[in-house]
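S.K.: Can you keep this structure in mind? I'll have questions shortly.
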Amino acid sequence: MTYVTEDNLTDLAIERWSNIPDPRLRQIMTALVKHLHGFVREIEPTPAEWFTAIDWLTRTGKLCTDKRQEFILASDVLGVSMLVDAINNRLSTAATPSTVEGPFHIHDSPEVAHGGDMAAGAPGEPCFVTGTVRGVGGEPVAGAELDVWQTDGEGLYEAQRDVEGAWMRAVYRTGGDGRYAIRTVSPIGYTVPMDGTVGELMERTRISHMRPAHIHFEVRAPGYKSVTTHLFRRGDQYIETDVVFGVKEPLIVDFQEKQSGETPNGERLEAPFCEVRYDFVLQRTAT
């Protein structure tokens, strides 16, 4: 029998965790042991520091609910979510790039008609987003589904509001020509939740906890690879320091300010509003 020493403990642990029939789980667990031990050897935590880490993880788990996922937020601000996203979305450069889903997506949003208002009753400046969904080859994608969600004009998602029913989220579909039209409100930059364990940690850094103004999309259609992405407002002061590392240059768009006039969905407004134009490009799935 080989007895444990500081020098051989990592090798012994890797050997023990190699005793897993499933090859993928074996790969994951032995790599986890290897890198976790390497982390501990590098920082040499005191027992008090290690207990603090365990306590932070415990409190993070207790914060998670069906509307709040503090572990996703932790993954986001550490850059892990974007790394996982990049590894799993190695798309054609002609396709719309992906970015993180974030912790506030809610499934089963209501379907709204072409040009309909998903922000009825929400604070904020009216904003109209139009464009097409097409394939990399230029073909229009009819019946594509756009799952859209965002903050309201005060920087709050549904999960942060005491509301009944859907708030600032909807599903739109493209027409036969691949066109879509959305009425919403202009998003604003906002802070990630700072009242939990992630905020507690970030308060001890000089890292910005702000996200630039953006609208979330998940675009899907049969025969094409779905894409989860954002549209970011050009000129936003937090573009360069997005706390979740989510900004990609092709996703930065102009929010054109209009003082009044006819809107893209045929309305006429006598108050300021914004227009955004963006064409989503989907890559076909492998046959």
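The values are calculated or read from the model by the stated rules, or taken from the named source; none is laboratory data. Because the structure is a prediction, the values reported are computed rather than measured. Using ideal geometry, Cβ is built from the backbone for each residue, glycine included, and neighbour counts are taken over all protein chains shown. Keep in mind that these areas ignore ligands, DNA and RNA; they rest on the heavy atoms of the full protein, side chains included. Shrake-Rupley method; radii C 1.70, N 1.55, O 1.52, S 1.80 Å.
S.K.: Which of these values of volume of the Cα convex hull per residue in Å³ was calculated from the structure shown: (1) 159; (2) 122; (3) 169?
M.R.: After the calculation, the listed value that fits is (3).
S.K.: Before rounding to the nearest 500, sum -39500 (n - 2.57) across all DSSP H runs of length at least 4 in the chain and divide by the residue total; then give [θ] at 222 nm in deg cm²/dmol.
M.R.: -7500 deg cm²/dmol
S.K.: Another question, if that's okay. By Kyte-Doolittle mean hydropathy of at least 0.0 and Cα axial length of at least 27 Å, which whole DSSP H helices of the chain are selected?
M.R.: Details: long enough: 23-43 (30 Å, 0.09).
Helices meeting the span and hydropathy rule in the chain are 23-43.
S.K.: Now a separate question. Please list I87, I215 from largest to smallest accessible area, probe radius 1.4 Å, with all protein chains kept in place.
M.R.: I87, I215
S.K.: Once the whole set of protein chains is in place, how much accessible area is left on W17, using a 1.4 Å probe, in Å² to the nearest 10?
M.R.: That residue has around 120 Å² of solvent-accessible surface.
S.K.: In the chain, which cysteines lack any other cysteine Cβ under 4.7 Å from their own?
M.R.: C64
S.K.: Can you send over the solvent-accessible area of E257, 1.4 Å probe, protein chains only, in Å² to the nearest 10?
M.R.: 100
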